[in-house]
1. Please go through the stretch 345-356 and pick out each residue that is free of Cβ contacts under 8 Å to residues at least 24 places away in the same chain and open to solvent by 20 Å² or more (accessible area, probe 1.4 Å).
2. For the stretch 359-375, state whether one or more residues are of a type in the set (V, I, T) and either more than 25 Å from the chain's Cα centre (by Cα) or within 30 Å of L3 (Cβ to Cβ) (or both).
3. What is the residue count in the stretch 100-129 for residues that are assigned to a loop (DSSP other than H, G, I, E, B), more than 25 Å from T305 (Cα to Cα) and open to solvent by less than 10 Å² (accessible area, probe 1.4 Å)?
4. Among (1) within 30 Å of F272 (Cα to Cα); (2) without any contact (Cβ under 8 Å) to a residue 24 or more places away in the chain, which single condition is A186 missing?
5. Anything in the stretch 160-199 that is open to solvent by 40 Å² or more (accessible area, probe 1.4 Å) and hydrophobic (A, V, I, L, M, F, W, C)? List them, or say none.
6. I'm trying to understand the selection: among the residues of the stretch 319-330, which are open to solvent by 10 Å² or more (accessible area, probe 1.4 Å) and free of Cβ contacts under 8 Å to residues at least 60 places away in the same chain?
7. Determine, yes or no, whether E84 is out of contact with any Phe, Trp or Tyr (no Cβ under 6 Å at 6 or more places or on another chain), part of a strand (DSSP E or B) and not aliphatic (A, V, I, L, M).
8. Among the residues of the stretch 83-94, are any over 14 Å from D10 (Cα atoms), open to solvent by 20 Å² or more (accessible area, probe 1.4 Å) and under 26 Å from the mean Cα position of the chain (by Cα)?
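The values are calculated or read from the model by the stated rules, or taken from the named source; none is laboratory data. No experiment lies behind these values; they were computed from the predicted model shown. Positions of Cβ are backbone-derived with ideal geometry, glycine not excepted, and every protein chain shown enters the neighbour counts. Quick note on the areas: whole protein, heavy atoms, side chains included, nothing else; ligands and nucleic acids left out. Shrake-Rupley method; radii C 1.70, N 1.55, O 1.52, S 1.80 Å.
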Amino acid sequence: MTLSILHVLDHSAPLHSGYAFRTLAILREQRARGWHTVHLTTPKQGAGPGGEEEVDGWRFHRTASRPGIGLVAQMHATARRLDELVRTLRPDLLHAHSPVLNALPALWVGRRHGLPVVYEMRASWEDAAVDHGTTTEGSPRYRLSRALESFALKRADAVTTICEGLRGDIAVRGIPEERITVIPNAVDVASFRFGEEADPALARKLGLDGATVIGFAGSFYGYEGLDLLVDALPRLLPRHPDLKLLLVGGGPQEARLKAQVAAAGLDSRVVFAGRVPHAEVQRYYALIDVLAYPRTPIRLTELVTPLKPLEAMAQGRIFVASDVGGHRELVRHGDTGFLFRAGDVGALADTLHEVLAGREAWPELRARARRFVELERTWAKSVARYDEVYRRALARDGRVQAAKA
């Protein structure tokens, strides 16, 4: 018989986020392994009547929602919808993905129906709340959020996470090491074209024709440190007079960044390309000489590994990243990319200058970075780790002996 997994997700395609892209990669590889997957999103997907939605050939079950729904109401709505699906589809196990608002309903329904629950913590809920400004570290709400996260982790039949930093954070909460498995972020190497040439028409359209381009593509959150990148630009221009900065994407910091650029008189040097469809992002990557990931040092960036450096390596793009823990876990300085001291504008500018001045070393570095992801960071290799996770979850407490294959 085929193993059937019901995934409980915060949100999914057609929304664009690293979370949604990781989810689709996992689902594709699980289907390739012959497993049957079912997909439920919570009220965080957006207001609507629930039901089902097909996106690019994937069927997602939606949870009914309304504007302004509270967190407790969200969890109860998710639990009701999940209970309906379990009764109808009879999966072998439940796989809840962050945040803990998904894990708790999965635990309730799993216990009711005697199903094992795997909890995948992609980031800690309390740290995400700090980053979004809804609480402060050490506050009563922060402590409650952390307590709920720990409660769910201790009661899940198996725990997965995305990196070693989060594995350590989970372990200090009292979860045995043997119950924690890292399913690292990865890339579908075949979907990224190595060393793609820039599109001259797109370069002209954006005013980048003939320029040396530093760039970033992603969401404009405060922890991405894009303000440091803008501040570094005047320090670089005397040594690199043809330099321009390309920012692709959008988000909460966009208005502030535009005001910063205007105040610094850099309007002719900074191009805001706006959000672009995911399928088009590689065309913009190809315009960039050096990608920059200047994340600032907070708990979230120290613990969590991002996808972007891996995507850059897969494409053979040269990049500079701050030395926060999430980057250090991915990047081998001088071998697959370059690291600079996080939060230091001078260190960022100096590293960018050194990289731009050392173009003769780029071809070999690009090849090493591509080999790294081909050998160590493919989704097929990462998702294969779920096999043992599911077997342990199903076997725990004598439910069944092993995953059905």
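1. Passing the criteria: D350, E354.
2. Looking through the stretch 359-375, at least one residue is of a type in the set (V, I, T) and either more than 25 Å from the chain's Cα centre (by Cα) or within 30 Å of L3 (Cβ to Cβ) (or both).
3. 1
4. (2)
5. Within the stretch 160-199, V172, A190, F194, A198 qualify.
6. Across the stretch 319-330, the qualifying residues are D323, R328.
7. For E84, the condition - out of contact with any Phe, Trp or Tyr (no Cβ under 6 Å at 6 or more places or on another chain), part of a strand (DSSP E or B) and not aliphatic (A, V, I, L, M) - is not met.
8. No; the residues of the stretch 83-94 include none that is over 14 Å from D10 (Cα atoms), open to solvent by 20 Å² or more (accessible area, probe 1.4 Å) and under 26 Å from the mean Cα position of the chain (by Cα).
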